[in-house]
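I have placed the structure first, in the form of structure tokens, so that the comments after it can refer back to it.
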Amino acid sequence: MFSGNVKAAINSLRSSKWRSLLTMTGVIIGITLVVTTVSLGEGLKRQVVGQMNQLGSDVLTIRSGKLVSRDSRGKVTGVNVLAFLDSSTLTAKDVSALKNVDSVKAVTPLAFVTSSVSSSSGQLDNAYVMGTSSALPELLHQKVAYGDFFTNEAGNQKFAVVGTSIAHKLYDELNPTGRSISIAGEDYIIRGVLEPSNGGLLSIGQTDFNSAVLVPFEQAASLTEGTNIVQILLKSKSSDTDAAIRDVRRTLLATHRGHEDFSVLKQEELLGVVNNVVNKMTGFVSALAAISLLIGGIGIMDIMLASVSERGREIGIRKAIGATNRQILNQFIVEGLALTVGGGLIGVIISLLIFLGLRLYTNLNPVITVPIMLMAVFVAIVVGVIFSIAPALKAARKDPIQALRGD
Amino acid sequence: MALIGLREVSKIYGFGEASTLALDEVDLVVEKGEFVAVMGPSGSGKTTLLNIIGLLDRPTHGSYLLDNRPVARLRQTRQAKLRRDRIGFVFQSYNLIQRLNVLDNVALPLAYKGMTPVKRWRAASDMLERISMRDREYFLPRHLSSGQAQRAAIARALINKPSIIIADEPTGNLDSFDSKVVMELFADIHRQGNTILLVTHNPELTRYANRVIYMSDGMIVGDERTAIGSLARGARRIYFSRYRRTAEDITAGVSALMHDVPGKEITDKPKRRTPAKRKKTARRSRRKVLSR
């Protein structure tokens, strides 16, 4: 009987294609939003986790502002999203002071300079021009594909190391080593090209290293008249990072005159911060998706109630030839499910097309997994059942004689 | 043993002053294998009687025994299953589901029985073969002629091998040729031992029945056993004195309506037919029948 109901439901959808498609719209939008958001969030988390695993647990991140709230034992209890908007309180003095801390093996700052770079063949406005030190490749396990990274002594030399996207977009070649790149009106010589990285916006350096142009920290300071240090990365000497955190905190409190306007974060804490931000974003968009699904569900209920009225005679015939109330109920619920599951599948297909676009034209890597698809189908089924129950009950309870008259 | 037994069955529609007595303490026993034609004017309760026998409706009072088991107060699901297994319906307007092809329409009762698609399609195909409609299996109802549609509806009614066939004016929408084809089909079904209850306004069709019931104002006013092939006596009377509306009747109706309106009086008296003229009309209509 179920296969009969499914066939009847598909027949019913096919007999009024446009109406069915318009009815599904709310569900399609809702499912597309849910799948896209969850997959994007999942993709970002995976990128971050991948990077963190690559870095190892002895790398610490210092960021400006109090990003997290902690309890008395130092455990992270919450994330302060507004702290991301603070202007940087980290300075070159902090970097120098941290280099002298015993428990710290290596320190490298990441100072944002500008996003515009140009060469003789064109200009790019979405690059990450960052000032950093020679310790960066070691800290981030970031290898250089062509040429070399700049050395400690290169502070006053105008050298730059670029990511693969910059090499491709600005020079249309894999290895533009030796060519010049213009940053804020100053020409720099490209000394090396980084290997492709899978880092994303929310990753450790908040930098897409494929689109990065790295210059010596001293050069960055001269270009921007004062530095805008986004974060400082450091490596602890021992795998027990607690001692290093204590020392770093003490040192920074000294340079900040006792004012704690910075955060020292372990890898897993940073992951927690990223997860928190992603979850909040996902939650917000999911709320929008839920509203869309609610409206879509009400639309489906409305159309199905109209359909029950229009098909009164058919219901009467089915009852006269022996359909029980439950069989009529099932038939209409299956029809509602066909609408929502159909809408859900269309939503998933649209999401896949969106992902294709995102992968082709951005550096976001959304991840669609079987659980996400099952979740989409499950949501569609739940919406279908909830919103088709009322019309199905109305159909099932129809009096056969009145229904046969078409009332 | 009686297949159908109605005892003092009444059906009242509506409440209070707006209530209508559709059936008035009807007693009826139908034996297995009978072909019962039910005749009577519109509003006499024929369809209500069939709806109650077909378990589409419940009597307000009285009892209904199907195979000596009371069925009138059964739960809806149980009644639906009895309709599915024991009763086949044929309607005046065929009532095929327009979105399903002929094969699916005929197979539908089997689907509600839980039969697998292949089995029910095979059974439906065999049934369509029996009524010479196999070549129309994949036609939609709108692509069939009236006679074919009604034959498909009969096939659907027969697919579950029901013990009772209920036909409510099955030839009402058919021309004389298709009516004959459909009635021959009913005769064939009857010969195979099925019980048939047929509502009709056409006295000619009583030739196929072996019992004719006459209804008026919700009561059975006549019950006549007749030989198959011959016109029932009561039906013959109806046939020859078919009610014909005259100008006189129309005026009488209008004057009845105007009775309560003050200041309006009917001035023109209707012309009355003379007894001689009435006889002449009756003779003319009898001659017409004989010439058929």
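Describe numerically, in nm with one decimal, the distance between label points set 7 Å from Cα along Cα→Cβ at B:LYS113 and at A:LYS93.
With each label point 7 Å from Cα toward Cβ, the separation is 9.4 nm.
At A:GLU173 and A:LEU305, where each label point lies 7 Å from the Cα along Cα→Cβ, what is the point-to-point distance in nanometres?
For A:GLU173 paired with A:LEU305, the spin-label model returns 7.1 nm.
Give me, ordered by chain and number, the residues 5 or more places off A:LYS237 or on other chains with an amide H under 5 Å from its own placed amide H.
Residues meeting the criterion, in which the H sits 1.01 Å from N, are A:VAL104, A:LYS105.
Given A:LYS66/A:LYS143; B:LYS119/B:LYS180; B:LYS81/B:LYS180; A:LYS235/A:LYS280; A:LYS66/A:LYS93, which pairs have Cα atoms separated by over 25 Å?
Details: A:LYS66/A:LYS143 32 Å; B:LYS119/B:LYS180 32 Å; B:LYS81/B:LYS180 32 Å; A:LYS235/A:LYS280 30 Å; A:LYS66/A:LYS93 19 Å.
Result: A:LYS66/A:LYS143; B:LYS119/B:LYS180; B:LYS81/B:LYS180; A:LYS235/A:LYS280 exceed 25 Å.
Kindly state, as a whole number, the per residue volume in cubic angstrom of the convex hull around the alpha carbon atoms of the range A:58-265.
Values: hull volume 24.5 nm³, N = 208.
Spelled out: Cα convex hull of the range A:58-265, divided by residues, is 118 Å³.
Using r as the Cβ-Cβ distance of A:HIS259 and A:SER182, and R0 as 35 Å, what FRET efficiency do you calculate, to the nearest 0.05?
Details: r = 39 Å, r/R0 = 1.10.
Once the sixth-power term is evaluated, E becomes 0.35.
Write down the Å³ per residue value for the convex hull defined by the alpha carbon atoms of the range A:1-83. Intermediate results must be reported in sequence, preceding the final value.
Details: hull volume 18.4 nm³, N = 83.
Spelled out: Cα convex hull of the range A:1-83, divided by residues, is 221 Å³.
Cβ neighbours within 10 Å, averaged per peptide: list B:174-187, A:34-47, B:14-27 in order, most packed at the top. Numbers along the way, then the final one.
Numbers: B:174-187: 17.0, A:34-47: 22.5, B:14-27: 13.9.
With the highest mean Cβ count within 10 Å placed first, the list reads A:34-47, B:174-187, B:14-27.
Among the trypsin sites (Lys or Arg not before Pro) within the range A:356-400, which fall in a DSSP loop and have no more than 16 other Cβ atoms within 10 Å of their own Cβ?
Numbers: sites: A:ARG359, A:LYS394, A:ARG397, A:LYS398; in loops: A:ARG397, A:LYS398.
The qualifying sites are A:ARG397.
How would B:TRP121, A:TRP18 line up by accessible area, probe 1.4 Å, largest first? The partial results should precede the final answer.
Numbers: B:TRP121 85, A:TRP18 185 Å².
Of B:TRP121, A:TRP18, the descending order of accessible area is A:TRP18, B:TRP121.
Between B:LYS180 and B:ARG58, what is the label-to-label distance in nm when each label sits 7 Å out along the Cα-to-Cβ direction?
4.6
On alpha carbon coordinates alone, what is the Rg over Rh value for the range A:287-352, Rh being the Kirkwood radius?
Working: Rg = 14.9 Å, Rh = 13.5 Å.
Result: Rg/Rh = 1.10.
For chain A, what is the convex hull volume of the alpha-carbon atoms per residue, in Å³?
Details: hull volume 69.8 nm³, N = 407.
Cα-based convex hull of chain A, divided per residue, equals 171 Å³.
Enumerate the helices in chain A for which the Kyte-Doolittle hydropathy averages -1.0 or more and the C-alpha atoms extend at least 18 Å along the helix's axis, using complete DSSP H runs.
Helices meeting the criterion: A:2-15, A:17-55, A:241-255, A:267-310, A:325-361, A:370-396.
Averaged across orientations, what area in nm² does the convex hull of the alpha carbons in the range A:333-393 project? Provide the component values of the computation, followed by the final result.
Numbers: hull surface 16.7 nm².
Averaging across all directions leaves 4.2 nm² for the Cα convex hull.
Using Stokes-Einstein with the Kirkwood hydrodynamic radius over Cα pairs, what translational diffusion coefficient do you get for the range A:224-340 at 25 °C and a viscosity of 0.890 mPa s, in µm²/s rounded to a whole number?
On the way: Rh = 20.9 Å.
Diffusion coefficient, whole number: 117 µm²/s.
Return the sequence-ordered ³J(HN,Hα) values of the range B:56-61 in whole Hz as given by the Karplus equation 6.51 cos²θ - 1.76 cosθ + 1.60 applied to θ = phi - 60°, using x for Gly and Pro.
Listing the rounded values in order: 8, 9, 10, x, 6, 9 Hz.
For peptide B:92-99, what's the mean number of Cβ atoms from other chains within 10 Å of each residue's Cβ?
Numbers: counts 0, 2, 1, 7, 2, 8, 4, 7.
The shielding value for this peptide is 4.
Does the range A:285-407 come out rounded, prolate or oblate, given a ≥ b ≥ c as the square roots of the eigenvalues of its C-alpha gyration tensor, rounded meaning a/c under 1.5 and, failing that, prolate meaning a/b above b/c?
Details: a/c = 3.47, a/b = 3.06, b/c = 1.13.
Prolate, because a/c is 1.5 or more and a/b exceeds b/c.
What is the average number of partner chain Cβ atoms found within 10 Å of a Cβ in A:322-332? Mind showing how you got there, number by number?
Working: counts 20, 7, 10, 4, 3, 6, 2, 0, 0, 0, 0.
Rounded to a whole number, the mean comes out at 5.
Dividing the alpha-carbon Rg of the range A:52-126 by 2.2 N^0.38 Å yields what?
Details: Rg = 17.0 Å, N = 75, 2.2 N^0.38 = 11.3 Å.
Normalised Rg, Cα atoms only: 1.50.
Express in % the proportion of alpha carbon pairs of the range A:1-143 at distances exceeding 26 Å. Present the calculation step by step, with values, prior to reporting the outcome.
Numbers: 5708 of 10153 pairs.
Tail of the P(r) past 26 Å holds 56 percent of the pairs.
In whole angstrom, note down how far apart the Cα centers of the range B:157-236 and the range A:22-69 are.
75
With all pairs of different alpha carbon atoms counted, what Kirkwood hydrodynamic radius in Å does the range B:1-154 show? Each step should come with its number before you reach the end.
Values: mean 1/r = 0.0571 Å⁻¹.
Here the Kirkwood hydrodynamic radius works out to 17.5 Å.
Projecting each Cα onto the charge dipole of the range B:135-179 (Lys/Arg +1, Asp/Glu -1 at the beta carbon, about the Cα centre), which of B:ILE165, B:TYR138, B:SER179 comes out farthest on the positive side?
Final value for the positive-end residue is B:TYR138.
Expressed as a rounded percentage, what relative contact order does chain A have, with Cα pairs under 8 Å and six or more residues apart?
Numbers: 758 pairs, mean separation 114.8, N = 407.
That works out to 28 percent.
Over all residues in B:44-57, what is the mean tally of Cβ atoms on other chains that come within 10 Å of each residue's Cβ? Could the numbers behind the result be given before it?
On the way: counts 0, 0, 0, 1, 1, 0, 0, 4, 0, 0, 3, 3, 8, 3.
Neighbouring Cβ atoms belonging to other protein chains average 2 per residue here.
Taking A:LYS169 as the anchor, which aspartates and glutamates have their alpha carbon closer than 16 Å to its alpha carbon, excluding any fewer than eight residues away along the same chain?
Straight-distance partners of A:LYS169: A:ASP125, A:GLU195, A:ASP208.
Is it possible to state the helix-based mean residue ellipticity at 222 nm for chain A, with each DSSP H run of 4+ residues giving -39500 (n - 2.57), the sum divided by total residues, to the nearest 500 deg cm²/dmol? What is it? Mind showing how you got there, number by number?
Working: 11 runs with 211 residues, N = 407.
Value at 222 nm, helices only, nearest 500: -17500 deg cm²/dmol.
If you wrap the protein assembly as shown's Cα atoms in a convex hull and average its projection over all directions, what's the area in nm²? Before the final figure, lay out the partial values.
Working: hull surface 207.0 nm².
In nm², the orientation-averaged hull projection of the protein assembly as shown is 51.8.
Starting from the eigenvalues of the Cα gyration tensor, five times each then square-rooted, give me the equivalent ellipsoid semi-axes of the range B:1-62, largest first, whole Å. Numbers along the way, then the final one.
Details: eigenvalues 100, 34, 16 Å².
Rounded to whole Å, the semi-axes are 22, 13, 9.
The values are calculated or read from the model by the stated rules, or taken from the named source; none is laboratory data. Computed from a prediction, not measured in an experiment: that's the story for all the values here. Here Cβ is always computed from backbone atoms with ideal geometry, including for glycine, and neighbour counts include all displayed protein chains. Protein only, heavy atoms only, side chains kept; ligands, DNA and RNA dropped before computing areas. Shrake-Rupley method; radii C 1.70, N 1.55, O 1.52, S 1.80 Å.
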